[in-house]
Amino acid sequence: MDKELTHQLKQVLTSLQLLLPKPFAEIDWTVCHAANWRRHSFSGYMEPLESIEQIALDDLLGIEEQKRIIEENTCQFLAGYPANNALLWGTRGTGKSSLIRAILNNYASQGLRIVQVDKHDLIHLPDIVDSIKRLPYRFIIFSDDISFEVGESSYKMLKSALDGGVYAPPDNVLIYVTSNRRHLLPEFETDNRGAMLINNEMHHGEAIEEKISLSGRFGLWIGFHPFSQEQYISVTRQWVDKLFAKLGSQLVWTEETRLAAIQWGYDKGDNSGRIAYQFALHWVGMQLLERHRKGTK
């Protein structure tokens, strides 16, 4: 074969390899509890998650009602009973994503599995669902921290799936998403003004209906709200106690600790559960290091 032709064929094969996804063995769902959907060129593939944050439901503090709702819905789903797709919305750092991971850790032994999908990859929902619909597990398709602009292709695909259209998920699939926005779309002050004041929109009501039509397709709306200072201090104290207990130590909660926690929240500009946990890590680590230096426990 001509050397020039051989060289050209090698270049073509190299280019084709770049377009193809990396070879992954078929996922063994008996040991793999979660996977990411990865986009590649024109399609995508499942990539198993080797490790999942080991957070338990009992570790999530200050959101008891939210835990109860999502846990009951998931139990219905696992039992083969009717259950709803869920939108977890609200303030950042309040435990929305952590709750989904905790649910998986708690119920993986009962056949629960998760496929995490980036917002932009929701256009591949038909392919994702087709790859898992015949498996003997219950799958949550999970998309974290999403928001859309009206008309995005992923917005339309998710809307169709939730509406029970052509791409409706089978009985062994639910969709859980988290967002900082209740309606998953940006909302503006002008939304509440007269129709003719907004770009001469003749049917302003229809435009607003379109904005809320996606979130309305989720059977469950679960709101996560900012903590009061009292709640924040309570959660912080519980985290401090938990971390010390895990390390076989203990600490007397003092006024100094309380004031330090309040200052930490002020500095961060937030009193969420995430901030409480971060303070606990800082305070417990600092106290233990000081004890170590002094040779005490």
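The values are calculated or read from the model by the stated rules, or taken from the named source; none is laboratory data. Just so it is clear, the structure is predicted and the values come from calculations on it, not from any experiment. Positions of Cβ are backbone-derived with ideal geometry, glycine not excepted, and every protein chain shown enters the neighbour counts.
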*In segment 79-96, what residues are closer than 23 Å to ARG217 by Cα and surrounded by 19 or more Cβ atoms within 10 Å (Cβ to Cβ)?*
ALA83, ASN85, ALA86, LEU87, LEU88, TRP89, GLY90, GLY95, LYS96
*Answer with yes or no whether ARG217 is surrounded by 16 or more Cβ atoms within 10 Å (Cβ to Cβ) and touching a helix residue (DSSP H, G or I) at 6+ places or on another chain (Cβ under 6 Å).*
yes
_Candidate set: segment 117-143, residues that are outside any helix (DSSP H, G or I) and crowded, with 19+ Cβ neighbours inside 10 Å; chosen: the one farthest from the chain's Cα centre (by Cα)_ = ARG138
*From the residues in segment 32-49 that are part of a loop (DSSP other than H, G, I, E, B) and at pLDDT 80 or above, which one is surrounded by the most Cβ atoms within 10 Å (Cβ to Cβ)?*
HIS33
*asked:* The conditions are (1) assigned to a strand (DSSP E or B); (2) modelled with pLDDT of 95 or more, and LEU87 fails exactly one of them. Which is it?
replied: (2)
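Restricting attention to segment 102-116, which residues are part of a helix (DSSP H, G or I) and either surrounded by fewer than 22 Cβ atoms within 10 Å (Cβ to Cβ) or in contact with a strand residue (DSSP E or B) (Cβ under 7 Å, 6 or more places away or on another chain) (or both)? First the steps, then the outcome.
Let us first name the residues in segment 102-116 that are part of a helix (DSSP H, G or I), namely 102-110.
Residues satisfying the conditions are LEU104, ASN105, ASN106, TYR107, ALA108, SER109, GLN110.
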*What tally of residues in segment 221-270 results from selecting those that are in a helix (DSSP H, G or I), under 26 Å from the mean Cα position of the chain (by Cα) and among the polar types (S, T, N, Q)?*
5
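Would you point out which residue out of ILE262, ILE275 is outside the structural domain of ASN85 (by TED's automatic domain parsing) and either closer than 30 Å to TYR176 by Cα or in contact with an Asp or Glu (Cβ under 7 Å, 6 or more places away or on another chain) (or both)?
On the way: ILE262 fails: either closer than 30 Å to TYR176 by Cα or in contact with an Asp or Glu (Cβ under 7 Å, 6 or more places away or on another chain) (or both).
On inspection, the qualifying residue turns out to be ILE275.
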*of a type in the set (A, V, I, L, M) and without any contact (Cβ under 8 Å) to a residue 24 or more places away in the chain - does that describe any residue in segment 94-116?*
no
_Hits in segment 134-143 (condition: within 12 Å of ASP121 (Cα to Cα) and not hydrophobic (A, V, I, L, M, F, W, C))_ = SER143
